[in-house]
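To start, the structure itself, in structure tokens.
Bear in mind that the values in this text are calculations on the coordinates, not laboratory data. Since the model is a prediction, treat every value here as computed from it, not as a measurement. Glycine also receives a Cβ, built like all others from the backbone with ideal geometry; neighbour counts cover every protein chain displayed.
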Amino acid sequence: MGLFGPEWWHHHGIKIRVTYKDAKAITMEGSAARLIIWLANPGTKCPWSVEWRVIHSQTEQVNGVVRFSVEELLTAFGTSVIIQPSHSQWMVDVYGAECAFQGKYIRTGDFLNIPCPGTGHDGDPNISIELDDEIRDAVGQLIGK
């Protein structure tokens with residue numbers, strides 16, 4: 001573990017807070033990052049879109065989007081029993097994580113990265129989030145759990 005969490009987690013994750021929520025979407029933001037979860041494809045195996053943006057400087061940013069199933073979203077945000085796919089067990093083993101899904105998330109306790117582990121330093125293409133009750137509750141309410 002690093003000073004603020006796992007070695008792969010960035011300390012700016014402590015600044016992420018829920019800034020908007022309704023029946024179909026949640027927005028979480030910090031000083032240098034934003035995450036939006038919304039129902040993009042109802043009735044499909046992976047109906048939830050998770051979009052992130054990390055601002056590195058005034059001229060540089062990274063963003064991405066990945067689709068989650070209900071179970072993946074609940075596991076990533078620590079609101080249900082862990083479902084660990086066998087094809088991603090190597091990430092748990094290598095990075096010392098509690099759970100992971102290659103290309104979607106890695107989490108240990110309250111420390112979540114989407115879509116992958118990072119270096120823990122500036123410039124990583126992933127978003128780090130420290131999960132708290134407000135975030136867990138918002139995700140649970142969004143998906144009806």
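Comparing GLN89, GLN58, GLN102 in a Gaussian network model of the chain (Cα springs below 10 Å), the most mobile by mean-square fluctuation is GLN58. Inter-label distance, GLN61 to GLU134: 2.2 nm, where each label sits 7 Å from its Cα along the C-beta direction.
Result for the chain in a Gaussian network model with C-alpha springs under 10 Å: among LYS21, LYS45, LYS104, the largest mean-square fluctuation is at LYS45.
Among the listed pairs LYS15/LYS145; LYS24/LYS45; LYS24/LYS145, which have their C-alpha atoms separated by more than 21 angstrom in this model? Beyond 21 Å: LYS15/LYS145. Here the chain is assigned +1 on the Cβ of each Lys and Arg and -1 on the Cβ of each Asp and Glu. Its dipole about the Cα centre then comes out at about 460 debye.
How many percent of Cα pairs in the range 96-136 exceed 14 Å?
Working: 363 of 820 pairs.
Tail fraction, whole percent: 44.
Measuring nothing but how far apart in sequence close Cα pairs (under 8 Å, 6+ apart) lie, relative to its length, the chain scores a relative contact order of 25 percent.
On the principal axes of its alpha-carbon atoms, the range 16-74 has extents of 39, 20, 16 Å, going from largest to smallest. So what is the orientation-averaged projected area of the chain, using the convex hull of its C-alpha atoms, in nm²? In nm², the orientation-averaged hull projection of the chain is 8.1.
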